[in-house]
2 protein chains.
Amino acid sequence: MPTPIVVDTRRSPHARLRPVPLDAVKLADPLWATRRALNRSVTLPTQYQQCEQTGRIDNFRRAAGQIEGDFQGYFFNDSDVYKWLEAAAWTLADADEPALAAQVDGLIALIEAAQETDGYLNTFFTFERTAERWSNLFTYHELYCAGHLIQAAIAHQRATGEERLLTVATRFADLICDTFGDAPDKRPGTDGHPEIEMALVELYRQTGDAKYLAQADYFLTVRGHGLLNHAEYCQDDVPFRDRQKLAGHAVRAVYLACGAADIYAETGDPALLAALERVWTHMTTRQLYVTGGLGSRKDGEAFGDDYELPNADAYAETCAAIASVMWNWRMLQITGEAKYADLMEHTLYNAVLPGISLDGQHYFYTNPLASDGTQRRQPWYDCACCPPNIARTLASIPAYVYSTSDEGIWVHLYAASEANLTLHDGRVVTLKQRTRYPWDGDIEISAEGEGDFKLFVRLPPALDKFGIQVLGGESKATPLPGGYIEIHKTKENFRLLLSFTWKPHFVEAHPQVLAAHNRFALRRGPFLYCLETADNSGINMEEVIFDSESFEDIYRPELPGGITSLRGKVGIAESAGDWDSDLYRRYLRPMARGATTVTAIPYFAWGNREPGAMRVWLRA
Amino acid sequence: MPTPIVVDTRRSPHARLRPVPLDAVKLADPLWATRRALNRSVTLPTQYQQCEQTGRIDNFRRAAGQIEGDFQGYFFNDSDVYKWLEAAAWTLADADEPALAAQVDGLIALIEAAQETDGYLNTFFTFERTAERWSNLFTYHELYCAGHLIQAAIAHQRATGEERLLTVATRFADLICDTFGDAPDKRPGTDGHPEIEMALVELYRQTGDAKYLAQADYFLTVRGHGLLNHAEYCQDDVPFRDRQKLAGHAVRAVYLACGAADIYAETGDPALLAALERVWTHMTTRQLYVTGGLGSRKDGEAFGDDYELPNADAYAETCAAIASVMWNWRMLQITGEAKYADLMEHTLYNAVLPGISLDGQHYFYTNPLASDGTQRRQPWYDCACCPPNIARTLASIPAYVYSTSDEGIWVHLYAASEANLTLHDGRVVTLKQRTRYPWDGDIEISAEGEGDFKLFVRLPPALDKFGIQVLGGESKATPLPGGYIEIHKTKENFRLLLSFTWKPHFVEAHPQVLAAHNRFALRRGPFLYCLETADNSGINMEEVIFDSESFEDIYRPELPGGITSLRGKVGIAESAGDWDSDLYRRYLRPMARGATTVTAIPYFAWGNREPGAMRVWLRA
């Protein structure tokens, strides 16, 4: 995760908001705190084990000269270790985990030993492959891996105060800056997979050395002129500033947008912001799954055509959803506009979280919106980008709850928590959220701290009703869902009582989304729901007709983590089962339809029980 | 068109039915006879002109040494001239057209002069390219062009009795037989585009020389072992006998099936018939447009995945529909099963006929099922396979009306006509059809001829009611729609009165056809209907909701050829026009819907007036 945290309280000059340190926020909510605990106790240990078993750590031992043998796995496998390290670092920021800390220190020692004398570091290009360094930037992900090293190193420094990994990363970054560029003594190039851009901007923020920002801008700007192969696939078809829409490999496209947003936040280049807003609007009105997932096509892991959003064949890679969270976070910091926070929250719950099982050790790489039960979560992948990407995202969740600005404190996410936030004038405010959110919409926010200050509180979209009560302060404007409402804390014992009411309701899609045509999805509050056979045995999902929005809450403690499901009546269409021998037939008005009761679970929870069908979009 | 006609009355040993000579049937119906007249008076002259203007005929003059210059156009352009020649030959079979006959004779003289001394004939591989003959069978269509030469030559011999073109074709076929094969002195190979197979079988039927049949079987059998590039695209991925479904380039796939059917009819190889029936069932239940069109994808002009049948993006090349007619004709001759005649008729009206304009000189290469009006008919194409393919199909329509067999006479198509048919025992029967079919379902068939004989009369599928009255004979079984009913003519003055009643009705598609999900198509009798803006100005097609099947006939003499349209009430949904800025939104039950009246025209007639939207599938 491009780090949402800056060490100092300096905001990026062209961003309205500034992140808060991760350890400033202590979560105690039923969802994220539970998931972070599982991340620490199950996900990180099992992922480390996978990295060991698959040779990912041996690749560093080999590069360090400690063992013999061949490089193992994909040439980009170093990045999985770095993402795991980043996840571990953010975990250590607010947890005392000696065993984890020892694993981290051991890995860092290996990485130090694997670094070449000139600062180069990539375990694939060692020994017999040393001469092939930088020979094929389109394919070999060297700068991509470097970006993840830099991000892990910054996380480690911020979490622990230690400089060891950052020293390694900075030496490599310096070599990169010396190697690539327009100058006569440098070579042109940029990576087939964007990532280095946002890492270098964060290194600039970390160190204050402007050459890293300039290098990030170089890598962004040199792109789009056909330097690489498969130009559209890797966003080399159009300069980013001229881009009308995201295209090609979805993760790459959105990582590039993250880098562009970071560069904008520091440089204020108006062409970048215009392009970012343009492609964001295009994406959200043409390319986005109702889950928040991105990238329709397996072929090239790519964005498809506009409105091409198939269900069972959805690709919707978990990493693309994580990229979307990272990008929306950056747009939110730049603009303070609630639409980015809305999509960030929606994507976290409905597109990132589905990527990891309720037991914390099985994953979905792709996230279809319909399944016949054949797709099962896996404990690991040969191309294992998603698992450690989820781990670092879960580890850094506390940092997404708030921002600060010269105007006050911004409340983006709701979760039972306590936070110590530093205002721009140095005062420290303690904010407490008491709530069962996301399972309930009642939230009490209390603030302790001297003097007056302002809170900007996000009202989620799609509320049926909402109530706001301010004790010890005042609301400065008429609140509207889907925006931030400005609240002034003016007295001691300030308390803000929010009451969000959201009834289950149907969502419909643009008529050009064929896969959702005349279908509804069920949504309530922050969650998109789905039907799964485990709750609805004997029911043919394709015969279910959503016709009434009357659903009642059923709390399901037996489902790991505790989940609120929805139970309601649906219609049953005549069987479609005898279509096998027909492609077309004369329409006859159905003579009889039945009705039954179904139970819907949040989409993120599917695929955790026995195999069976799953549907998000049901017949209307 | 692989010729549906055999010169003698011998039937293929493994076919139940035998074709009748084209000139045995004189059409006088409102549709086909009108179209054949237009084919003769407009289509053939304008196509000849296009062949002249685009250098297709100059390519022969050049090869014959009569002019200088470069070969013009695509390397397969000879085939367009041959298809035009075949169309002209079938036209001359029952029309006295001296100017056309002179053009034909002139072309044949050019072709004779262009043929090389060893029999080779392809104007692309002349002079500087002579050494490249047969060097790239995947790409260069040499055997494909040869196949069309052979078919044109057979048509010309059967229509005129002249041997000149057949002599040319036979010389080339002999060279082909000497060149390709398994023997040590031959080379392996088969063409990237199937076509030679059916031509060689017909040459075997024409000449009685079994080597042509063996050569056709060789070209079929050698395929499927990866001899060519892009194996699936050109059906070289799987041996035909092992094929489970048609795949790859649609025209190629179906042409190959035609060749396989021809070979089966002569050899009786059970593996061929099993494969043909298997892939036909797969195609008709998974891959067929409701129009009868085939091939969903522009990319590779290919069959898509099962149920992948998009509307606006439909490829549905006109040539693929023609190929389907040819294949169904062959399956019908082999089996006598009505399902093949049903699909042949449906495809002729709703997938072949849309490919040519009502003015006879503009064409659709692809046939979408929905349009915003931007697709317009063109007078010609650089790759002009479709226009002369339609011309030869229209020219040969009379031959599709009947077959004979040892059992009697088979009536496949209904059209006002008079036919002189020879029974297996040599008796000649005169059959007259009096009917306004396809615009009306009342048909009177009278027969004159000595002694008793049997008629097998096809009852179309999807009839609401039907009546059969036999005067001077008897019906031998309970008639059922979608089959042949056996009628015995036992007395003089035999008359059969058929009365087919078909009401307009909706067709729905398999639930997995996303593009037709919750949509209806309107069908009446042999015609699929569509809405076009020209009849429905001011109506947004996407807001139209088909909800009542009550439509009334409106005869439209002002539409070229005279067409019966359907007028009826439909619902109007709330506008979908304000979706542009939304991809998903909360569903709100529509508050008000209107109603209006629309006029639907047969799908074949669309795209002949001012540009506008068109839809086959409308919201249900």
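Please find, among A:Ala314, A:Ala250, the residue that is within 14 Å of chain B (Cβ to nearest Cβ), touching a Gly at 6+ places or on another chain (Cβ under 7 Å) and among the small types (Gly, Ala, Ser). Give the derivation first.
On the way: A:Ala250 fails: within 14 Å of chain B (Cβ to nearest Cβ).
Selected residue: A:Ala314, the only one of A:Ala314, A:Ala250 that is within 14 Å of chain B (Cβ to nearest Cβ), touching a Gly at 6+ places or on another chain (Cβ under 7 Å) and among the small types (Gly, Ala, Ser).
Residue check, B:Gly208 against (1) modelled with pLDDT under 95; (2) crowded, with 19+ Cβ neighbours inside 10 Å, all met but one. Which one?
(2)
Looking at segment A:329-357, I want the residues that are on the phi < 0 side of the Ramachandran plot and of a type in the set (Asp, Glu) and have a partner that is open to solvent by less than 10 Å² (accessible area, probe 1.4 Å) and assigned to a helix (DSSP H, G or I) with Cβ atoms under 8 Å, at least 6 apart or on another chain. Which pairs are those?
Partner pairs satisfying both residue conditions: A:Glu337/A:Met331.
Select, from A:Leu246, A:Leu272, the only residue that is touching a His at 6+ places or on another chain (Cβ under 8 Å), closer than 23 Å to A:Ala231 by Cβ and open to solvent by less than 10 Å² (accessible area, probe 1.4 Å).
Numbers: A:Leu272 fails: touching a His at 6+ places or on another chain (Cβ under 8 Å).
Just a single option satisfies the conditions, and that option is A:Leu246.
Within segment B:580-619, track down each residue that is within 30 Å of B:Leu358 (Cβ to Cβ), within 14 Å of chain A (Cβ to nearest Cβ), open to solvent by 30 Å² or more (accessible area, probe 1.4 Å) and at pLDDT below 95.
B:Arg619
Quick grid of which residues meet (1) small (Gly, Ala, Ser); (2) under 25 Å from the mean Cα position of the chain (by Cα):
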{"residue": "A:Thr430", "(1), (2)": "no, no"}
{"residue": "A:Gly467", "(1), (2)": "yes, no"}
{"residue": "A:Gly473", "(1), (2)": "yes, no"}
{"residue": "A:Tyr484", "(1), (2)": "no, yes"}
{"residue": "A:Ile487", "(1), (2)": "no, no"}
{"residue": "A:Trp502", "(1), (2)": "no, yes"}
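Here are B:Ala33, B:Ala15: which of them is over 15 Å from B:Gln103 (Cα atoms), open to solvent by less than 60 Å² (accessible area, probe 1.4 Å) and part of a helix (DSSP H, G or I)? Let's see the steps before the verdict.
On the way: B:Ala15 fails: part of a helix (DSSP H, G or I).
Among B:Ala33, B:Ala15, only B:Ala33 is over 15 Å from B:Gln103 (Cα atoms), open to solvent by less than 60 Å² (accessible area, probe 1.4 Å) and part of a helix (DSSP H, G or I).
At pLDDT below 95 and part of a helix (DSSP H, G or I) - does that describe any residue in segment B:61-76?
No, the conditions are met nowhere in segment B:61-76.
In the set A:Glu444, A:Glu418, which member is of a type outside the set (Phe, Trp, Tyr), assigned to a strand (DSSP E or B), modelled with pLDDT of 95 or more and within 19 Å of A:Thr34 (Cα to Cα)? Outline the logic, then answer.
Details: A:Glu444 fails: within 19 Å of A:Thr34 (Cα to Cα).
After applying the criteria, what remains is A:Glu418.
Among the residues of segment A:137-191, how many are open to solvent by less than 20 Å² (accessible area, probe 1.4 Å), out of contact with any helix residue (DSSP H, G or I) (no Cβ under 6 Å at 6 or more places or on another chain) and outside any helix (DSSP H, G or I)?
2
Among the residues of segment B:258-284, write down those that are without any contact (Cβ under 8 Å) to a residue 40 or more places away in the chain and polar (S, T, N, Q).
Matches in segment B:258-284: B:Thr281 only.
So how many residues does segment B:539-565 have that are part of a loop (DSSP other than H, G, I, E, B) and either closer than 20 Å to B:Pro354 by Cβ or within 14 Å of chain A (Cβ to nearest Cβ) (or both)? Working first, answer last.
Of segment B:539-565, the ones part of a loop (DSSP other than H, G, I, E, B) are B:539-540, B:546-550, B:557-562.
In the following step, the residues that additionally are either closer than 20 Å to B:Pro354 by Cβ or within 14 Å of chain A (Cβ to nearest Cβ) (or both) were identified as B:540, B:546-550, B:558-562.
Looking only at that region, the number is 11.
Here is a list of conditions, (1) out of contact with any strand residue (DSSP E or B) (no Cβ under 6 Å at 6 or more places or on another chain); (2) within 14 Å of chain A (Cβ to nearest Cβ); (3) of a type in the set (Gly, Ala, Ser), and B:Gly304 meets all of them except one; can you say which number that is?
Against the list (1) out of contact with any strand residue (DSSP E or B) (no Cβ under 6 Å at 6 or more places or on another chain); (2) within 14 Å of chain A (Cβ to nearest Cβ); (3) of a type in the set (Gly, Ala, Ser), B:Gly304 comes up short only on (1).
Yes or no: A:Thr221 over 28 Å from A:Val81 (Cα atoms), crowded, with 18+ Cβ neighbours inside 10 Å and modelled with pLDDT of 95 or more? If you could, list the steps in order and put the result at the bottom.
Details: over 28 Å from A:Val81 (Cα atoms): yes; crowded, with 18+ Cβ neighbours inside 10 Å: yes; modelled with pLDDT of 95 or more: yes.
The answer is yes for A:Thr221.
Rundown of residues vs (1) at pLDDT below 95; (2) outside any strand (DSSP E or B); (3) among the polar types (S, T, N, Q), yes/no style:
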{"residue": "A:Thr366", "(1), (2), (3)": "no, yes, yes"}
{"residue": "A:Gln375", "(1), (2), (3)": "yes, yes, yes"}
{"residue": "A:Trp380", "(1), (2), (3)": "no, yes, no"}
{"residue": "A:Ser403", "(1), (2), (3)": "no, no, yes"}
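Checking the condition out of contact with any Phe, Trp or Tyr (no Cβ under 7 Å at 6 or more places or on another chain) and either surrounded by fewer than 24 Cβ atoms within 10 Å (Cβ to Cβ) or not basic (Lys, Arg) (or both), which residue from B:Glu317, B:Glu345, B:Glu301 passes? Even if it seems obvious, please write down each step before you answer.
On the way: B:Glu317 fails: out of contact with any Phe, Trp or Tyr (no Cβ under 7 Å at 6 or more places or on another chain); B:Glu301 fails: out of contact with any Phe, Trp or Tyr (no Cβ under 7 Å at 6 or more places or on another chain).
Selected residue: B:Glu345, the only one of B:Glu317, B:Glu345, B:Glu301 that is out of contact with any Phe, Trp or Tyr (no Cβ under 7 Å at 6 or more places or on another chain) and either surrounded by fewer than 24 Cβ atoms within 10 Å (Cβ to Cβ) or not basic (Lys, Arg) (or both).
For A:Pro461, state whether it is within 14 Å of another protein chain (Cβ to nearest Cβ), crowded, with 16+ Cβ neighbours inside 10 Å and part of a loop (DSSP other than H, G, I, E, B). Full working, then the answer.
Numbers: within 14 Å of another protein chain (Cβ to nearest Cβ): yes; crowded, with 16+ Cβ neighbours inside 10 Å: yes; part of a loop (DSSP other than H, G, I, E, B): yes.
Considered against the rule, which asks whether it is within 14 Å of another protein chain (Cβ to nearest Cβ), crowded, with 16+ Cβ neighbours inside 10 Å and part of a loop (DSSP other than H, G, I, E, B), A:Pro461 comes out as yes.
For segment A:253-268, indicate whether the set of residues that are of a type in the set (A, V, I, L, M) and either within 14 Å of another protein chain (Cβ to nearest Cβ) or surrounded by fewer than 21 Cβ atoms within 10 Å (Cβ to Cβ) (or both) is non-empty. Walk me through how you get there before you give the answer.
From segment A:253-268, those of a type in the set (A, V, I, L, M) are A:253-254, A:256-257, A:260-261, A:263, A:265; that's our starting set.
Then keep just the ones that are either within 14 Å of another protein chain (Cβ to nearest Cβ) or surrounded by fewer than 21 Cβ atoms within 10 Å (Cβ to Cβ) (or both); that gives none.
Checked segment A:253-268: no residue is of a type in the set (A, V, I, L, M) and either within 14 Å of another protein chain (Cβ to nearest Cβ) or surrounded by fewer than 21 Cβ atoms within 10 Å (Cβ to Cβ) (or both).
Filter segment A:207-226 down to residues that are among the β-branched types (Val, Ile, Thr) and under 26 Å from the mean Cα position of the chain (by Cα) and give me whichever is farthest from A:Tyr255 (Cα to Cα).
Going residue by residue through segment A:207-226, those that are among the β-branched types (Val, Ile, Thr) are A:207, A:221-222.
With under 26 Å from the mean Cα position of the chain (by Cα) added as a condition, the list becomes A:207, A:221.
Details: A:Thr207: 22, A:Thr221: 14 Å.
Here the answer is A:Thr207.
Please identify the pairs in which a residue from segment A:605-616 that is within 9 Å of A:Ser371 (Cα to Cα) has its Cβ atom under 8 Å from the Cβ atom of a residue that is assigned to a helix (DSSP H, G or I), counting only partners at least 6 apart or on another chain.
Close Cβ pairs satisfying both conditions: A:Gly612/A:Thr533; A:Gly612/A:Ala534; A:Ala613/A:Thr533; A:Ala613/A:Met541; A:Met614/A:Thr533; A:Met614/A:Met541; A:Arg615/A:Met541; A:Arg615/A:Glu542.
Looking at this structure, is B:Leu358 closer than 29 Å to B:Asp440 by Cα and either open to solvent by 10 Å² or more (accessible area, probe 1.4 Å) or in the same structural domain as B:Gly562 (by TED's automatic domain parsing) (or both)? Write out each step before concluding.
Working: closer than 29 Å to B:Asp440 by Cα: yes; either open to solvent by 10 Å² or more (accessible area, probe 1.4 Å) or in the same structural domain as B:Gly562 (by TED's automatic domain parsing) (or both): yes.
Yes.
Which of the residues spanning segment A:523-542 are out of contact with any helix residue (DSSP H, G or I) (no Cβ under 7 Å at 6 or more places or on another chain), crowded, with 20+ Cβ neighbours inside 10 Å and among the hydrophobic types (A, V, I, L, M, F, W, C)?
A:Ala534, A:Met541
When the residues of segment A:469-522 are filtered to those that are within 14 Å of another protein chain (Cβ to nearest Cβ) and closer than 13 Å to A:Arg458 by Cα, which remaining residue is surrounded by the fewest Cβ atoms within 10 Å (Cβ to Cβ)?
Only one residue tops the list, namely A:Gly482.
Go through segment A:50-60 and count every residue that is surrounded by 14 or more Cβ atoms within 10 Å (Cβ to Cβ), in a helix (DSSP H, G or I) and among the polar types (S, T, N, Q).
To start, the set of residues in segment A:50-60 that are surrounded by 14 or more Cβ atoms within 10 Å (Cβ to Cβ) comprises A:50-51, A:54-60.
If we keep only those that are in a helix (DSSP H, G or I) as well, we get A:50-51, A:56-60.
Imposing the further condition that a residue be among the polar types (S, T, N, Q) reduces the set to A:50, A:59.
So the count comes out to 2.
The values are calculated or read from the model by the stated rules, or taken from the named source; none is laboratory data. Bear in mind that the values here come from a model prediction, so they are computed numbers and not experimental data. Neighbour counts run over all protein chains shown; Cβ positions are idealised from the backbone, glycine included. The area values use the complete protein model at the heavy-atom level, side chains included, leaving out ligands, DNA and RNA. Shrake-Rupley method; radii C 1.70, N 1.55, O 1.52, S 1.80 Å.
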